[in-house]
Amino acid sequence: MLGKGYVVRSSKGHMKDLPKSRMAIDIEHGFEPEYILVKGKAALKNELLKLASEAKNVLLASDPDREGEAIAWHLAEILGVNLAEKCRVRFYEITENAVKLAVQNPDYIDTNKVDAQQARRILDRLVGYTLSPLLWKKIRYGLSAGRVQSVALNLICEREREIQAFIPDPYYVITAFAENNGKHYELKPYKLDGKSLLKGSLPLLIDTEEKANEIIAEIKANEITVTEFKSKNTSHSAPAPFRTSTLQQEASRKLSFVPAHTMRIAQALYEGLNVPGRGHIGLITYMRTDSLRISEEAISMCREYISANYKKDYLPEKPNVYGASSKAKIQDAHEAIRPTDITLTPESLAGTLTPEQLKLYTLIWRRFTASQMTPAITAKSTLKADTGRVTLRQEGETLVFDGWSALWPLDLKGSELATISSGEILTLNDIQSEKRFTKPPARYSEAGLIKTLEENGVGRPSTYATIAGTLDSRGYIEKNEERRFYPTALGMTVDEFLAQYFNRKDLSSIVDAGFTAQMEKELDEVEDASRKWLDVVSEFWGEFSATLSEAEDAPKVPLPAPEPIGELCPDCGHDLVKKRGRFGEFIACSNYPSCKYTRPILSKIGVTCPKCGEGEIVQRKSKKGRTFYGCSRYPECDYIAWNRPAGEKCPECGEDLYRKGSTIFCAKCKYKAEADSGNV
């Protein structure tokens, strides 16, 4: 892109960092950090020094965020670059125009950003390197705590406590199947004697069989007369383009990508690939952003594309503009995540990108393009009918104009509702009653956890992807087969200890989401130059160190005893128990170390192996922590699948069906159907 006269080299991330072996923060002398050359980078340092000494000018082009600014700052120090000179270039997209423009207009290193990043690094080091040894002494060696990870753990543990304390309430769902002149309706009672039967969206006041029977008898004994039918068009605005958190959430929901994997793929798309006829080009803008701003040039190109490829009804009169993502500060220099060139459609890149890259690029391209289209219009219909003391209701929604939903899915609530006039009589064909139970709040999925952290102002775009992985690697949480998090006994123990001493609504409350969000705000103020980084760190340490001293006097916390599984060891006859190791839970003998019997935990899913017909399909984990499914008779039977087998054959092609949530699907012919999902 730059042509002759330039030499481009990578620092491969940080050249300097705090050593891992010790705190390396001089608390007594202004919290001075001790940075050292990153291990293994001596040869790279020498190469860069030689190139810098031969160059007329040195430009530093690390990522355009706080961490990138800190990398540039350390590089300037190593290479002897004068900070008073304009040595910093920032790329927000890797395209020829953007790169050349940035290089032609270098800027100064933003020392306020450097200070904010340094404050974050020091705060995290102070917390991690004081709390972790405390956990070693009070609970078990090898544990860790962190300023953001401990909040995430607390959210998961609190949700688990809610679930464990939850008492289900019964309720009855009654459906009256009726018709009028060949038009069919499915109505539900929502009022009795003029009083609502609903709490929220559920008929929770129909809570006994007697009441359900009373309502059914009333419906059967009386004529059903339509009292109201109304339909109203509703406009649905286009969804905003992606920022980091929403990209990770949608990639998790739609592609089953974990956030860290999403960011790896996005990084490759940002850095770019060789596109036939175009050369090397970055395909998306910078992917670590909490901004929703779009450049005027990108909006203009997008509008031109929509105008050329869709009818005029799909292009709004004026561009759609989106505001800040949340209470958190955004950096206006960043854009939302978008394709660098809207004319590079996913179809045109099908032979260039890997399947996973293409899936993520398609998600980004479609979301961005949809964000500049006209609203989708739906018609929301409501039918009300009286039958004795009971009022029945049915709601439906139909698509009137697809607008942006031509590219991005729009969830409709209810199906089409046939028009009918007030006063008409409905004929009752059938009436059904189903007993259900209220459900506790759902455990967090990866997408849900990121959404909650963002809503609470905890963490930043660069941190979301690693939080769950850190908790999992520490043995604090695990995923169930629905890919939702639940805490281990160790995780609950660590959270209870931290919450007891470090959740007191003061400056040391690292477990409290509100405190952590306030700390993020103070780091933003450092970047704005409205606060000094040293003041932020000193104020925090004053409170935190006092709480730390108090916790040092706490008694040692006993770990939960290993859980017996109700079987005896085949080698020595002692009880077998469930234990946890580096790769998750396993079965071991309680007589360890005298007896070293172990075996993996085989989580059966109730499906016979489709290959051998003898074993059962069990859920396992790979060494990288990815869930897969195999035969319980391994190694005699080597059946393996990354998707959960449904135990059925595809009615269209005869291949094995798989299950994801309440959907069963065929991986070969793309057949899909809804499976029985049980209670809602």
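The values are calculated or read from the model by the stated rules, or taken from the named source; none is laboratory data. Predicted model only: the values in this text are computed from it and were never measured. No Cβ is skipped: glycine too gets one built from the backbone with ideal geometry, and neighbour counts run over all protein chains shown.
Observations on the structure shown:
- If you go through region 533-555 and keep only what is surrounded by 13 or more Cβ atoms within 10 Å (Cβ to Cβ) and of a type in the set (S, T, N, Q), you end up with 538, 545, 547.
- Of all residues in region 418-444 being in a strand (DSSP E or B) and touching an Asp or Glu at 6+ places or on another chain (Cβ under 8 Å), the one that is surrounded by the most Cβ atoms within 10 Å (Cβ to Cβ): 426
- Options 292, 247, 269: the member that is farther than 30 Å from residue 429 by Cβ and out of contact with any strand residue (DSSP E or B) (no Cβ under 6 Å at 6 or more places or on another chain): 292
- Considering only residues in region 147-168 that are crowded, with 22+ Cβ neighbours inside 10 Å and in a loop (DSSP other than H, G, I, E, B), the one that is nearest to the chain's Cα centre (by Cα) turns out to be 148.
- Any hit, region 455-471, residues being surrounded by fewer than 20 Cβ atoms within 10 Å (Cβ to Cβ), aliphatic (A, V, I, L, M) and part of a helix (DSSP H, G or I): no
- Answer from 126, 48 - the residue that is in a helix (DSSP H, G or I), assigned by TED's automatic domain parsing to the domain that holds residue 524 and surrounded by 19 or more Cβ atoms within 10 Å (Cβ to Cβ): 126
- Where a residue in region 345-360 is at negative phi and assigned to a helix (DSSP H, G or I) and its partner, wherever it lies, is modelled with pLDDT under 95 and surrounded by 11 or more Cβ atoms within 10 Å (Cβ to Cβ), with Cβ under 6 Å and at least six apart: 359/255
- Looking across 92, 108, one residue alone is hydroxyl-bearing (Ser, Thr, Tyr) and at pLDDT 95 or above. It is 108.
- Of the listed requirements (1) among the hydroxyl-bearing types (Ser, Thr, Tyr); (2) farther than 30 Å from residue 456 by Cα; (3) in contact with a Pro (Cβ under 8 Å, 6 or more places away or on another chain), residue 378 misses just one: (3).
- Of all the numbered requirements in (1) surrounded by 22 or more Cβ atoms within 10 Å (Cβ to Cβ); (2) assigned to a helix (DSSP H, G or I), residue 102 misses one, and that requirement is (1).
- Selected residue (criterion: surrounded by the most Cβ atoms within 10 Å (Cβ to Cβ)) from residues of region 585-626 that are of a type in the set (Gly, Ala, Ser) and in a strand (DSSP E or B): 588
- Whichever residue in region 401-425 is of a type in the set (Asp, Glu) and modelled with pLDDT of 95 or more and, among such residues, is farthest from the chain's Cα centre (by Cα): 424
- For region 505-554, residues that are of a type in the set (A, V, I, L, M), in contact with a helix residue (DSSP H, G or I) (Cβ under 7 Å, 6 or more places away or on another chain) and more than 25 Å from residue 113 (Cα to Cα) total 4.
- Candidate set: region 51-82, residues that are touching a helix residue (DSSP H, G or I) at 6+ places or on another chain (Cβ under 6 Å) and assigned to a loop (DSSP other than H, G, I, E, B); chosen: the one farthest from residue 35 (Cα to Cα): 58
- Candidates 445, 462: the one that is small (Gly, Ala, Ser) and within 30 Å of residue 376 (Cβ to Cβ) is 445.
- Checked against (1) in a loop (DSSP other than H, G, I, E, B); (2) at pLDDT 90 or above, residue 629 passes all but condition (1).
- When residues in region 51-72 are screened for being hydroxyl-bearing (Ser, Thr, Tyr) and surrounded by fewer than 18 Cβ atoms within 10 Å (Cβ to Cβ), 1 of them pass.
- Region 79-104, subset closer than 16 Å to residue 297 by Cβ and not hydrophobic (A, V, I, L, M, F, W, C), residue farthest from the chain's Cα centre (by Cα): 100
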